[in-house]
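Accompanying notes for the structure given below.
Where a number appears in this text, it was derived from the coordinates with a stated rule and is not lab data. Because the structure is a prediction, the values reported are computed rather than measured. Here the Cβ positions follow ideal geometry from the backbone for every residue, glycine too, while neighbour counts run over all protein chains shown.
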Amino acid sequence: MKRIIKIVVCMHMFLILITPIFASANSIPEERLLPRLVDDAYLLSEYEYQSLLDKLDRISEREQFDIVIVTTDSLGGYTSTQYADDFYDYNGYGMGEGYDGILLLISMEERDWAISTHGFGITAFTDAGQNRMVNQFIGDLSEGNFSSAFNKFADISEDYVVQAKTEKPYDSPNLPKNELPSQVPERELSPYLPLITTAIGIVIAFIITSIMALQLKSVRMQTSAGNYIKNNSLKINESKDVFLYANLSKTKIQKAQSSSSGSSTHRSSSGRSHGGSRGKF
């Protein structure tokens, strides 16, 4: 009996000892293993890095949604999607029970970009929404304006998350329209301006036609069309109709296409479900 009690006590002590280990493992995303900005390719200056990191932290904490940017010199033989997914899973990213977040990966080896979403990120960043998002900053990436591209990514990400929480996620039926450039206010035009411009045009036309008429004093209108033909200059030996060509126009009837919506997903090496996309810049 004493031996049984001793075994039970030992098992209890063992459970007490290993409980903090499991608790620590479950709290990895909250403790942050890596910062939300990892610039291993050194694309940013120190000031740009710190300013962007502050923005990512500020937005992520405010929305309780991780927004992460990672740059690297090489993918190490992985695809950009595999690299982005694993970097997200194994470095403590994701907030809340669903490990919600989005990660943008930039690899300079062959100029790859990839987006990995997880948890609520799969809902907030649909395939159509990601396509629209990338179009907003891909130009800056191609031109080497990395700070501008990354800041746009951060701002757009916050907009997408707020939209998904308050209304419906941005998707093919309800994508936001591109912002128009700021316009200079137009001056109010005078109601008499059309009359003035018309009068000026008439005067100019009268002057031009008068000058042309003065240069053609030797020309007089003839009473019949025959007077315009030189005698014996036109001889018709044979006449016939010849078919040359025909114009045929065709109009293609466009078939209605169903627009896809939502997010496509895949499994990462850790077994987690991710959404995302990838491409070149």
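Taking a sphere under 12 Å around the Cβ of residue 141 and counting the other residues whose Cβ falls inside, with K and R at +1 and D and E at -1, yields a net charge of 0.
Amide H contacts of residue 262: 127, 128, 172, each under 5 Å away and 5 or more positions distant or on a separate chain (H built 1.01 Å from N in the peptide plane; Pro and chain starts excluded).
Between residue 266 and residue 74, the modelled label-to-label distance comes to 2.2 nm, taking each label 7 Å out from Cα in the direction of the beta carbon. Calculated FRET efficiency, residue 62 to residue 90, Cβ-Cβ distance, R0 = 22 Å: about 0.30 to the nearest 0.05. The distance between label points at residue 177 and residue 209 comes to 4.5 nm (points 7 Å beyond Cα on the Cα→Cβ vector). Placing +1 on the Cβ of every Lys and Arg and -1 on the Cβ of every Asp and Glu, with nothing else charged, gives segment 99-177 a dipole about its Cα centre of roughly 240 debye.
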